[in-house]
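S.K.: Got a structure for you, questions after.
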Amino acid sequence: MIVLEKRPQPSRAWSLATPLVAVLATMVFGGLLFAVLGKNPVEAIRIIFYDPLFGEFAFYYRPQLLVKGAPLVLIAIGLSLGFKAGIWNIGAEGQYIIGAITGAGVGLAFYPLEAWYIFPLMVIGGALGGWAWAMIPALLKVRFGTNEILVSLMLVYVAEQLLASMSLGLLKNPDGFGFPGSRNLNDYASANSWISQDAGMHWGVVAAMIAVIFSYILLNRHMLGFHIRLTGEAPRAAKFAGVNPGRLILFCLGASGALAGLAGLFEVAGPTGQISIDFNVGYGFTAIIVAFLGRLHPVGILLAGALMALTYIGGEIAQSQMGLPAAAIQVFQGMLLFFLLAFDILTNYRVRLNTRKVA
Amino acid sequence: MDISAINPVLLVASLMVAATPILLAAIGELVVERAGVLNLGVEGMMIIGAISGFAIAVETGSPLLGFIASAIGGAMLSLLFVFLTQVVLANQVASGLALTLFGLGLSALMGQRYVGVRPPQTAHLDIPFLSDMPVLGPILFSHDPILYLSIAIVASIWAVLKYTRAGLILRAVGENHDAAHALGYKVVRIRIMAIMFGGACAGLGGAYISLVRVPQWTEGMTAGVGWIALALVVFASWKPWRVLLGAYLFGGVTVVQLNLQAAGVAIPVEYLAMSPYLITIIVLVILSKDKSSAPASLGRIFHASH
């Protein structure tokens, strides 16, 4: 019989190896899935993982990696802080939408004025919007003990309705011939997040890098980061150490909301260009996978964000070249999280063959 | 705007239809949580149930077979959660999220060929004479069989939990798994059965949306109903009849909101569509003060070695 024996300490080696093993397992089972769908699995895997980086048109796809990776990393960094402390913000998609609305709203309010201070104000607006949206579950949890998972998720649906209302009403382009959606911020120089469109560089990429560095310092060199880790690993010890759980909740949810809001703003002021009913593509949910795949570690999240961006881009190529359904990539990403959680057992437990008879 | 056009009798009848998916999913999750497991994958199991039920009903022309398939589909997906949380002892919150993300993707993949297809109609049980009664007839006696089944499930879950040995064991596992294990109960086996029951119920609820309530298939059509069901279990303080009450309350909000949209009330459609989610939050706030009735082992990982 196979038994599990709890390790006295989580294995460091396995903790680093499980994401890699999970990616390999996902490739194998994803390949099987593609084969079931009647596509050549080897070719599909090559198109998804190899072509965007080293294929014939890599010069076009590589910048895309930054564009798709930046929001994922930005959101996942925020989520990882809360996840580490056992505070589950799964409504990042909503905070992302609200950040985009408020940030773009600030920019559009200045149209057609051109000034250097507009974009910084939009950044602040986006961060504040996401922060405020995340404060709803945070304050309710601190004040009333309400479950933050359910409240933050419900607010995603509320935010989606608000987005529809905004793009059809308040923020609708007055010169848009009645079409839904706001003015295109790419045509408005002062409200534009691009640094170099050809290189895929926009301010969101910069912000993601800064977030990685800050979160690394916070978690490893700062008392607050220590409290976050302590609360997650030993809640009772944290209580004795004088950690204020209310403040921790407000900080973790607030930070992740602000980062998600920023991601939304950079996206809407750059790659998407405008507020429209369906400008959000689920980065807020995929970022949950990124956070786990990166082992809730800043550097890990950076790598995981790049990998997940690769599956988005590769998925799109496979869609156009092989007719692979868009949903197949979603399944593929979900599978990755499954394998990751499954292989994680090797980090905390030893698998032993037990020959001893149980009395 | 013409509120008088809303017929109260039809309103109550459609309220029950709107509430049934939430009711089915929530009563399943109630059993899972009473066994001490928090499965956040309800939304994923519902949508898998919705598409597997829809596909089988379309292919065979039989809604009944569709509903059976949806229960099997939901239970099959829950087996993934079983593997993650009961076999390899993964974090239940993360595993539940994984189940939802995976289920949404898989259902979109399975449902590609079924967009825009009309499913066979689910027959109503028009009980002779009784269904012809004014007011009470349309409200109580002329629904489809699944709606009656959902109420029967609530009643039997209540009876099993309250009066039977099996219910007592289930509750013991949920309240204190170590003690239950020491008494010789198979904690993991009982939990696996509870999770699969929850999956089957969620699957049925999903199929009720795609086969009766809407009826058609669109991607992501459950639109958060699974999450509302999770909130409902908290709302009901883990008591079956309160789940029924809560589900009908939410059904009522949904139906009134839709009727107001149709009647052309001055409130924009988007704000009306938000209302079920906002009300869920408000109800959660009001009721979250009292956590005493939550199963004590809820969400904790059980490992028999210690």
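The values are calculated or read from the model by the stated rules, or taken from the named source; none is laboratory data. These figures come from a predicted structure and were not determined experimentally. Counting neighbours? That spans all protein chains shown, and the Cβs are built from the backbone with ideal geometry, glycine included. With ligands, DNA and RNA removed, areas are computed over all heavy atoms of the protein, side chains included. Shrake-Rupley method; radii C 1.70, N 1.55, O 1.52, S 1.80 Å.
S.K.: Here is a list: B:Gln257, B:Gln261. Which entry is in contact with a Leu (Cβ under 8 Å, 6 or more places away or on another chain), within 13 Å of chain A (Cβ to nearest Cβ) and crowded, with 16+ Cβ neighbours inside 10 Å?
M.R.: B:Gln257
S.K.: Take the conditions closer than 30 Å to A:Gly232 by Cα, in contact (Cβ under 8 Å) with a residue 12 or more places away in the chain and either outside any helix (DSSP H, G or I) or within 14 Å of chain B (Cβ to nearest Cβ) (or both) and apply them to A:Leu337. Does it pass?
M.R.: The answer is yes for A:Leu337.
S.K.: What number of residues within the range B:283-298 satisfy the criterion of being at pLDDT 75 or above, more than 10 Å from chain A (Cβ to nearest Cβ) and open to solvent by 30 Å² or more (accessible area, probe 1.4 Å)?
M.R.: Matching residues across the range B:283-298 total 2.
S.K.: Pick from the range A:156-194 the residues that are closer than 30 Å to B:Tyr277 by Cα and in contact with a Phe, Trp or Tyr (Cβ under 6 Å, 6 or more places away or on another chain): which of them is most open to solvent (accessible area, probe 1.4 Å)?
M.R.: A:Tyr157
S.K.: With the structure loaded, tell me whether A:Ile75 is closer than 30 Å to B:Ser95 by Cα and of a type in the set (Val, Ile, Thr) or whether it fails that test.
M.R.: Criteria met by A:Ile75.
S.K.: Ok, one more. Consider the range A:1-24. How many of its residues are within 13 Å of chain B (Cβ to nearest Cβ), among the aliphatic types (A, V, I, L, M) and either closer than 16 Å to A:Val331 by Cα or open to solvent by 80 Å² or more (accessible area, probe 1.4 Å) (or both)?
M.R.: Of the residues in the range A:1-24, 3 are within 13 Å of chain B (Cβ to nearest Cβ), among the aliphatic types (A, V, I, L, M) and either closer than 16 Å to A:Val331 by Cα or open to solvent by 80 Å² or more (accessible area, probe 1.4 Å) (or both).
S.K.: Turning to a different aspect of this structure: Checking B:Val188 against (1) among the β-branched types (Val, Ile, Thr); (2) surrounded by 21 or more Cβ atoms within 10 Å (Cβ to Cβ); (3) assigned to a helix (DSSP H, G or I), which test does it fail?
M.R.: Looking at each condition in turn, B:Val188 falls short on (2).
S.K.: From the list A:Val67, A:Val123, A:Val106, pick out the single residue that is over 25 Å from A:Ala306 (Cβ atoms) and part of a helix (DSSP H, G or I).
M.R.: After applying the criteria, what remains is A:Val106.
S.K.: Restricting to the range A:334-349, and then to whatever is at pLDDT below 85 and of a type outside the set (A, V, I, L, M, F, W, C), can you tell me which residue is nearest to B:Gly111 (Cα to Cα)?
M.R.: Once the filter is applied, the top-ranked residue is A:Asp344.
S.K.: While we're looking at this one, here's another question. Residues being away from chain A (no Cβ under 13 Å) and not small (Gly, Ala, Ser): count how many of those fall in the range B:219-252.
M.R.: So the answer is 11.
S.K.: Among the listed residues A:Trp116, A:Trp88, which satisfies the condition of being within 12 Å of chain B (Cβ to nearest Cβ) and more than 23 Å from A:Asp278 (Cα to Cα)?
M.R.: A:Trp88
S.K.: Of all residues in the range A:30-71, how many are open to solvent by less than 10 Å² (accessible area, probe 1.4 Å) and touching a Phe, Trp or Tyr at 6+ places or on another chain (Cβ under 6 Å)?
M.R.: Of the residues in that region, 4 qualify.
S.K.: When the range A:1-31 is examined, which residues are found to be touching a helix residue (DSSP H, G or I) at 6+ places or on another chain (Cβ under 7 Å) and within 24 Å of B:Gln112 (Cβ to Cβ)?
M.R.: Scanning the range A:1-31 gives A:Thr26, A:Met27, A:Phe29, A:Gly30, A:Gly31.
S.K.: Which one of the conditions (1) without any contact (Cβ under 8 Å) to a residue 40 or more places away in the chain; (2) within 14 Å of chain B (Cβ to nearest Cβ); (3) under 20 Å from the mean Cα position of the chain (by Cα) does A:Gln319 fail to meet, given that it meets all the rest?
M.R.: (3)
S.K.: Turning to a different aspect of this structure: Report, by residue number, each residue of the range A:290-306 that is part of a helix (DSSP H, G or I), more than 7 Å from chain B (Cβ to nearest Cβ) and open to solvent by less than 40 Å² (accessible area, probe 1.4 Å).
M.R.: Answer for the range A:290-306, where residues must be part of a helix (DSSP H, G or I), more than 7 Å from chain B (Cβ to nearest Cβ) and open to solvent by less than 40 Å² (accessible area, probe 1.4 Å): A:Val290, A:Ala291, A:Leu293, A:Pro298, A:Gly300, A:Ile301, A:Ala304, A:Gly305.
S.K.: Shifting gears a bit: Within the range B:66-83, work out how many residues are at the interface with chain A (Cβ under 8 Å from one of its Cβ atoms) and under 14 Å from B:Arg189 (Cα atoms).
M.R.: Residues that pass the stated criteria total 1.
S.K.: Separate question: Tell me which residues, restricted to the range B:133-148, are in contact with a Ser or Thr (Cβ under 9 Å, 6 or more places away or on another chain) and either assigned to a helix (DSSP H, G or I) or modelled with pLDDT of 80 or more (or both).
M.R.: B:Gly137, B:Pro138, B:Leu140, B:Asp144, B:Pro145, B:Ile146, B:Leu147
S.K.: So the check is Cβ under 6 Å with 6+ separation or different chains; which pairs have a first residue in the range B:20-38 that's on the phi > 0 side of the Ramachandran plot and a second one that's modelled with pLDDT under 90?
M.R.: Here the result reads B:Gly36/B:Val173; B:Gly36/B:Gly174; B:Gly36/B:His177; B:Gly36/B:Pro295; B:Gly36/B:Ser297; B:Gly36/B:Leu298, each pair linking the range B:20-38 to a residue that is modelled with pLDDT under 90.
S.K.: Scan the range B:194-220 for residues that are open to solvent by less than 30 Å² (accessible area, probe 1.4 Å) and not polar (S, T, N, Q) and report the count.
M.R.: Total meeting the criteria: 16.
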